[in-house]
Structures are given as structure tokens and as C-alpha cells.
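The values are calculated or read from the model by the stated rules, or taken from the named source; none is laboratory data. The model shown is predicted, which means the values in this text are computed figures rather than measured ones. Note that each Cβ is placed from the backbone with ideal geometry, even for glycine, and that neighbours are counted across all protein chains shown. Note: accessible area is taken over every heavy atom of the protein model, side chains too, but ligands, DNA and RNA are not part of it. Shrake-Rupley method; radii C 1.70, N 1.55, O 1.52, S 1.80 Å.
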Amino acid sequence: MGLRRDSLKACPREKKSMTLQKLFDLDSPRNGASKLARSRNGSPRKECQDSENEEIFSLIPHCSVIYTFNNPQESPSQQDLKRLKLIQLLSIIKCSKTAFSREVLSSIWSMFSANLFRPLPPSKTSLICILPDDDELVATPSAAWSHLQIVFDILHRLLMKTDPKELREYIDHSFLVNLLSLFQSEDPKERESLKNVYHQIYSKFTFYRSFMRKAMNDVFLHYIFEADQHHCGIGDLLEIWGSIINGFTVPLKQEHKLFLTRVLIPLHKPKGMQAYHRQLAYCVSQFVHKDAALGGTVVRGILRYWPVTNCQKEVLLIGELEDVVENIDPEHYRTIALPLCTQITKCLNSWNSQVAERGLYVWNNEQFVKMASQAMEDVLPVVVRGMEKNLKYHWSNSVKQLTQNVKEMLQGLEPSLYIRCLSRLELEESAAQHREMTRKEMWERVEMAAATRNQCVHQLRCICVSS
């Protein structure tokens, strides 16, 4: 009996100690961490991710079907179905909180290539490359934009939420070049989406920045130096470059200065410059803001590509030069004063009243007058000759009135020099008149001698015939 009582007493004691040990184990941090890890890596989340992947794989075939929207055999209901599937795919990508696998990304990128990289239709009109800010008036929206817009949204969302290293396999050099080729699209909405995507890639994929700059430069150079080239996306590419230039550090690298002299300045040459001049002028002004010494290079470059018969371009370039002068290094005033004022004088003598008035309004700019005053001895004779020519011969009364106002301003600024310039101009005009009179008298003597000789020859022929 005693042995049985001892065994009965031992059993409850053992049960009690095991229960406490189990409680300690349950409350320990290690056990909690292991439970949390099991909950994180548990099957429900993995099942959810697998279901997402399966849904994406089921949507991709519908999203990859291409419709031309001009084939009567294409069903509108199928086109609507594709748009619905694209919206579903965009919703999944927006709501997904996990990274996508390589298989999913590969299938999505195949869908991008099928939808985006297609041959563009030939340009219907060349006015879209010439007229500024009229894209909405001239270009007709693409029929496929209802699909392309969602495709661009999907691409934009993936770029935002995915690590660039994971996308490096899919966004390569050929993908970037194909994106650039789409900037020739006449649809302004598509170019706007392209601009946002390309700029986002430039911001996140730092290892591609050098290649992307070079690829854009190739597009610019091909547009500048290939005859009869039309490109609708030059302004959009220049907008991207404007933000890139804004992020350049000072002092500027030689590579960036070469881009200014070899690409941006020659972009003033093409006849369609009006379409992208606003973006081009912004890029140039950013360079001058960061390095004022480049102002002289910019002024001389623009003067080198000055138009001969395009009055609209002349008005735009006069305004750009005026902005450059306001930010130029004063040490370069003297070197650019004479060539710049000579060109402005040619403009104020233009028979086009808009060009003449714009050239005269430049003299209301205090910074421009300050620049000209650094070389007034050389500049004023040229300006005085041009203004006197306007006052005598120009057909527009408003141009004559503006010329008179500028003349009074310069007379008040340099009265003695202005009087000397006027007297010198009068002497030159009198000398020119004397040369003209001498030339006419010489030609009259030549004509008289020729007439006398012809008369003598005629008399000799008459005598010979009569005899």
C-alpha cells in the first residue's frame, strides 16, 4: 500500500511540472517568432500569389491580341474584351504587394512588345512638324489609343514598384531604342505617355543614362542633317533633356558642353524649328544659367544659323537672343556686341513689319543696351545707318515711329558720338552719290563713243554698197 501511495503522489507532481514547462515554452519569444515566421511563410499567402500569377497568365493572351481598328472583320466586342482584360491586369498590378516572378515579368514584357512596338502609319501632313502648339488641331488621335493608354499605364506602374535590377533583363538597349522610335507618332497623347515612361527609366535606371543620352542625340543629329526629315517628337525629347540639364552639376563636363555646341545650337537650323523652339530655348538657357561663359558661344552659334527668308523664325530667335544676353557673362559683352547689333540692325531694316518691330523692341531691354554700350564706338555707326535708312525708306509708319523713339534714346545716351556718326554717314552718302555720278558720266561717255563708232561703221557700209 505504501508503494502505491508513493506512486500516486509522484504522478500529480510530474504532471504539474510538465504543464508549467509547456506554458513557459508557449510564452517564450523564440516560440512566438517561429509562429510569426510560419504565418508569414504559410500557405495562404503563397496560394494568393499563385492565384495572382495564374490570373495574369490567363489575361496575357487576350491582352496580346492586336487589332488594327480598320478591318471590318474585327469584332468590336472582342476589342472591348481586350480593353476589359487590360483593365483587370492593371488592377492586379496596382493591388499586388509582392514582387512578380521572372515568368510573369517575361510574359508581361512580351505583351508590351506586341502592343507598343508596331510600325507607325505614314505622316498624313507635314504641317504637324512646322506649326507650333497645334498638335491637337492637326493630329488625329490613334484608334488604338483606348488600348495603348492602359498598356502605358501598366508599364508605368511596373516601373514605379519594381526594383530596376529585376527589370534589367527586360529593359535593355533594344527596348530603349524601340521606345525612342515611337516618338515619331503623330498622336500627342502617346508622345506624352512615352515622355513620362522614358524619363522615369532615366531617373531609376542610372546605369543606362549614358546610353539614353547618346540615343537621343542620334535622333537629333539624324533630324538635323538628313534632308526632308520630319519628326513629331523633337519637342518632347527636348523636354526630357531640359530636366536632365537642370540636374547637371557645376562645373559642366566637356561632354555636356559638346552637346550644346554640336546638337542644341544646330537644332536652330531646320525649317520646322518653330514646333519645338520653346523647349529648345529652355535647354539653351539652362546651359547659360549654369555657365555664363557659354553665352558667347550660344550667340555666335545662333547667328551662324540665322534664317534668310523665314520671318517667323527671325522673330523667335530675336527673343531668344534677348534672353541669352540677360544671363551672359559681362566679360563677353565686348566680343559679341558688334555681330549681335549688326544682325539686329538687319532685322529692324526688314520689310516685314513684325521682324522690324521686334528688332526695335530689343533696345528697350536695359541689359541689351548695357551690352551694346561696352562697344558703342563700333556698334553705333552700324545702328545709326540702319535707323536712318528706316526713317527714309520704310513703308510702315509704326516702324518709323519706333525707329524715331530708339533714335532719341541713343541720342540721349551718347549725344556727341551720335552726332559724329551722323556726320560720318552724311559724308559716306555724299561720297557714294559722287561715285554714282562719276559712274553714270563714265557710262554716258562709253555709250556716246559706242554710238559714234556705230554711226561711222554704218556710213562706211553705205559707201561700200553704193560703190
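For the reader, a short list of remarks on this structure follows.
- Leading residue by the ranking (surrounded by the most Cβ atoms within 10 Å (Cβ to Cβ)) among those in region 414-427 that are of a type outside the set (Phe, Trp, Tyr) and closer than 17 Å to Leu348 by Cβ: Cys421
- Given (1) open to solvent by 100 Å² or more (accessible area, probe 1.4 Å); (2) touching a residue at least 24 places away in the same chain (Cβ under 8 Å), index of the condition Leu402 fails: (1)
- In region 359-399, the qualifying residues are those that are aromatic (Phe, Trp, Tyr) and under 15 Å from Leu340 (Cα atoms), and the one that is surrounded by the most Cβ atoms within 10 Å (Cβ to Cβ) is Trp363.
- Residues (loosely packed, with under 12 Cβ neighbours inside 10 Å and within 19 Å of Gly295 (Cβ to Cβ)) located in region 234-263: Val250, Pro251, Lys253, Gln254, Leu258
- Residue check for Glu52: at pLDDT below 90, assigned to a helix (DSSP H, G or I) and open to solvent by 70 Å² or more (accessible area, probe 1.4 Å): no
- Count - residues of region 225-257 that are outside any loop (DSSP other than H, G, I, E, B), under 15 Å from the mean Cα position of the chain (by Cα), within 20 Å of Phe211 (Cβ to Cβ) and not charged (D, E, K, R): 9
Per-residue answers, yes or no, for (1) of a type in the set (Phe, Trp, Tyr); (2) under 24 Å from Gln354 (Cβ atoms):
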residue	(1), (2)
Gln279	no, yes
Tyr282	yes, yes
Phe287	yes, no
Lys290	no, no
Ala293	no, no
Leu303	no, yes
Leu321	no, yes
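- Residue selected from region 205-224 under the condition within 16 Å of His268 (Cα to Cα) and touching a residue at least 24 places away in the same chain (Cβ under 8 Å), by the criterion most open to solvent (accessible area, probe 1.4 Å): Leu221
- Scanning region 343-358 for residues that are hydrophobic (A, V, I, L, M, F, W, C) and either buried (at least 22 other Cβ atoms within 10 Å of the Cβ) or touching a helix residue (DSSP H, G or I) at 6+ places or on another chain (Cβ under 8 Å) (or both) yields Ile344, Cys347, Leu348, Val355, Ala356.
- Residue in region 153-204 that is most open to solvent (accessible area, probe 1.4 Å), counting only those that are farther than 21 Å from Asp218 by Cα, in a loop (DSSP other than H, G, I, E, B) and among the charged types (D, E, K, R): Arg168
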